[in-house]
Amino acid sequence: MAKIIVVTSGKGGVGKTTTSAAIGTGLALKGHKTVIVDFDIGLRNLDLIMGCERRVVYDFVNVINGEANLKQAMIKDKRLDNLFILPASQTRDKDALHKEGVERVLNELSDEFDFIICDSPAGIESGAMMALYFADEAIVVTNPEVSSVRDSDRILGMLSSKSRRAEQGLPGIKEHLLLTRYNPERVQKGEMLSVDDVNDILAIKLLGVIPESQAVLNASNSGQPVILDADSDAGQAYLDTVARLVGETVPFRFLNVEKKGLLKRIFGG
């Protein structure tokens, strides 16, 4: 039976799809059969970040409507044999998702996969609610700024009250915090909230801190999950995050301003 993990946020543009791609790829790298499902109907981006946009023939909505089966719609990753993508429709609206259809698809996927990563649209509209409804765990993605953190707090309220687990009186969705675009120098200058500030506001377990990094943009533009760039700071941070997600104890990195050596102090850089 698969573990269903929703990647969600209150605010758009915080890095949910980048995170979904990285987390899904990282789990596959660890040997877990994983599928990433794009719930952002009408505005799909997951296929671009995964580098498979030209291979989309059928999509999530086609499967829900019985116009295609999962084998036809799922795209096998070019790099990893145990990683698959179920793309969203670009021509429908979010009302195309309905609870019975989503449940049927997730149940079918659960028979085959170890992890189902649900890439949620931002906010609290129907597509986002559908993505979180069936989740066992949630990765709440936020930037270290007040508006993003405030909106994430709203999402935490939804996770605790609007999920299937809440409706059935089961133990709640396990919540994780992922802080993206973190810049210790800006924190030091008071231009950005610190990890402790965000922890104090949201009060959920910190899963990872992803540094502000050019590598994220480079990876997105090249159609490759940034976690595969193991030489980059963002790639390393996502590898650490996946390790923690599966229960490993890994120290946090990239939280403090890097101390410059003598040559860097003299010559800059």
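The values are calculated or read from the model by the stated rules, or taken from the named source; none is laboratory data. All values derive from a computational prediction rather than experimental measurement. Ideal geometry is used to build each Cβ from the backbone, glycine not excepted, and the neighbour counts take in all protein chains shown. Just the protein is used for accessible areas: all its heavy atoms, side chains included, with ligands, DNA and RNA removed. Shrake-Rupley method; radii C 1.70, N 1.55, O 1.52, S 1.80 Å.
List of remarks:
- Accessible area expressed per residue, the chain, with surrounding protein chains retained (probe 1.4 Å, Å²): 46 Å²
- Nearby lysines by direct alpha-carbon distance to Lys189 (threshold 19 angstrom, same-chain neighbours under 8 apart not counted): Lys259, Lys260
- In this structure, Arg253 and Asn65 have a Cβ-Cβ separation that, at R0 = 41 Å, corresponds to a calculated FRET efficiency of about 0.35.
- Karplus-derived 3J(HN,Hα) values for the stretch 181-198, using 6.51 cos²θ - 1.76 cosθ + 1.60 with θ = phi - 60°, are 6, 8, 10, x, 5, 6, 4, 4, 7, x, 8, 8, 5, 7, 4, 4, 4, 5 Hz; glycine and proline are entered as x.
- Using a Förster distance of 51 Å, the FRET efficiency for Gln214-Asn107 (Cβ separation, nearest 0.05): 0.80
- Ordering of 8-20, 143-155 by packing is 8-20, 143-155, highest average first (other Cβ atoms within 10 Å, averaged per residue).
- Carbon plus sulfur fraction of accessible area for the stretch 59-154, probe 1.4 Å, in percent: 45 percent
- Segments 36-48, 157-169 sorted - mean Cβ within 10 Å per residue, highest first: 36-48, 157-169
- Computed per residue of the chain from DSSP H runs no shorter than four, each worth -39500 (n - 2.57), the mean residue ellipticity at 222 nm is -11000 deg cm²/dmol.
- Length added when fully stretched, Glu125-Arg79, from 0.36 nm per residue minus Cα-Cα: 13.2 nm
- Distance from the stretch 105-155 to the stretch 62-86 (C-alpha centre basis), Å: 20 Å
- Set Lys11/Lys99; Lys174/Lys205; Lys16/Lys205 screened for pairs whose C-alpha atoms are more than 21 Å apart: Lys11/Lys99
- Shape class for the chain, computed from the alpha carbon gyration tensor (a ≥ b ≥ c): prolate, with a/c not under 1.5 and a/b above b/c.
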